[in-house]
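Structure, as structure tokens:
Throughout, read-outs are computed from the coordinates displayed, never taken from laboratory work. These numbers come from a predicted model, not from an experiment. Positions of Cβ are backbone-derived with ideal geometry, glycine not excepted, and every protein chain shown enters the neighbour counts.
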Number of protein chains: 2
Amino acid sequence: MELKTKIKAEEGKQDLLIMREFDLPVELLFKAHTEAELLEQWMGTKVLKLESKKHGSYRFETTDPRGNKHGFNGVLHDIALNQKIIRTFEMEGTPYGVQMEVYDFEQLTSDTCKLQIHTIYESPAQRDQVLKLPFAQGINLAHNRLQDILNKLIS
Amino acid sequence: MELKTKIKAEEGKQDLLIMREFDLPVELLFKAHTEAELLEQWMGTKVLKLESKKHGSYRFETTDPRGNKHGFNGVLHDIALNQKIIRTFEMEGTPYGVQMEVYDFEQLTSDTCKLQIHTIYESPAQRDQVLKLPFAQGINLAHNRLQDILNKLIS
């Protein structure tokens, strides 16, 4: 089955694009990325810190089925309401390095919108390692959850 | 004349390497990158903010000969004393985007050290635009100043 969240990763490059359209007002999609309570629901992570402002920072934590904790953290270089987030991202304790992520939020109609995430890795090798994880499936699943959870808010 | 600060930029890539060896203890080179007073001297910028800590941020400002002000800002993803700084960097009001920079500080002997900066751009085009500026000359000049100014501190 084709995934709704598309990933474009050109051979030999150290970046990739993640694209998804949502049946949601762009304001709500942006909130889902900047408000801890919503983010916890669709990402399935605990939000330990989330400062959604220029030069802010964040830290999330998940607990896997065996009870092991996995941390994620980064800094917000810049943020523009309902439009853009530029941040760093690191999966702690992994060999994938630090990534820079550029989120573009775009209104399509008053009820639909588009998200594009440009992720830039430290090297092509690190990007390719991440692509070997169930990466596309994971993001697609999280985006499906996002759509479902926010559907309830607007219906 | 060959510049002491070397730049390696492979064709078609979106990153580059800056390398320089200094006749300085690594601790002093690290200080020159993390303490406002020293940084202002060798970079020739005014430091408006410099939080040299994990999830900290900074903003610098220079004034050109015509009196125009140019701002630079970014966030520190991580920092390890005398070893590493991972940060973002943006020349405000320019088309060069946001860069991620990984600084590696390495002790060679007790009096010499090596700096490597891995800079990753949003695209190969933005990197190539920056390389058209007097970029190599500018960094080399700043690094020469750094060596000269810190020479006085240790002599």
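Show me the helices of chain B, taken as full DSSP H stretches, that run 20 Å or more along their long axis by Cα and average -1.0 or above in Kyte-Doolittle hydropathy.
Helices meeting the span and hydropathy rule in chain B are B:135-154.
Helix-only estimate, please: 222 nm mean residue ellipticity of chain A, summing -39500 (n - 2.57) across DSSP H runs of length 4 or more and dividing by its residues, to the nearest 500.
-9000 deg cm²/dmol
What is the local net charge at residue B:40, summed over the other residues whose Cβ is closer than 14 Å to its Cβ (Lys, Arg +1; Asp, Glu -1)?
+2
When the Cα centres of the stretch B:24-99 and the stretch B:109-124 are compared, how far apart do they sit, in Å?
After rounding, the separation between the Cα centres reads 14 Å.
What nm distances, shortest first, do you get from the label point of residue B:62 to those in the other copies when the point sits 7 angstrom along Cα to Cβ?
Copy-to-copy label distances at residue B:62, shortest first: 4.3 nm.
Where Rh denotes the Kirkwood radius from the mean inverse Cα pair distance, what is Rg over Rh for the stretch B:1-67?
The Rg/Rh ratio comes out at 1.03.
Compute the projected area of the convex hull of the Cα atoms of the stretch A:79-143, averaged over all viewing directions, and report it in nm² to one decimal place.
5.2 nm²
Report the Cα-based extents of chain A along its three principal axes, largest first, to the nearest Å.
Over chain A, Cα extents along the principal axes are 41, 34, 34 Å.
Determine the gain in length on full extension of the stretch residue B:142-residue B:129; use 0.36 nm per residue of separation and subtract their C-alpha separation, reporting nm with one decimal.
2.7 nm
The stretch B:42-121: Rg/Rh from Cα coordinates, Kirkwood Rh?
Reported Rg/Rh, Kirkwood definition of Rh: 1.02.
For the stretch B:14-81, what does the relative contact order come out to in percent, with C-alpha contacts under 8 Å and a separation of six or more?
Relative contact order here is 21 percent.
Work out the mean other chain Cβ neighbour count within 10 Å for the residues of B:84-92 and drop it here as an integer.
3
Quantify how strongly other chains surround peptide A:71-79 by giving the mean number of their Cβ atoms within 10 Å of each of its Cβ atoms.
Mean inter-chain Cβ contacts per residue within 10 Å come to 5.
By the scheme Lys and Arg +1, Asp and Glu -1, what is the net charge of all other residues having a beta-carbon under 10 Å from that of residue A:57?
Counting the neighbours of residue A:57, the net charge comes to +4.
If you split all Cα-Cα distances of the protein assembly as shown into 10 Å bins from zero, what percentages do you get per bin, shortest first?
Computed distribution, short to long bins: 6, 24, 33, 22, 12, 4, 1, 0.
What does the copy distance list look like for residue B:80, label position 7 Å along Cα→Cβ, in nm and ordered from shortest?
3.6
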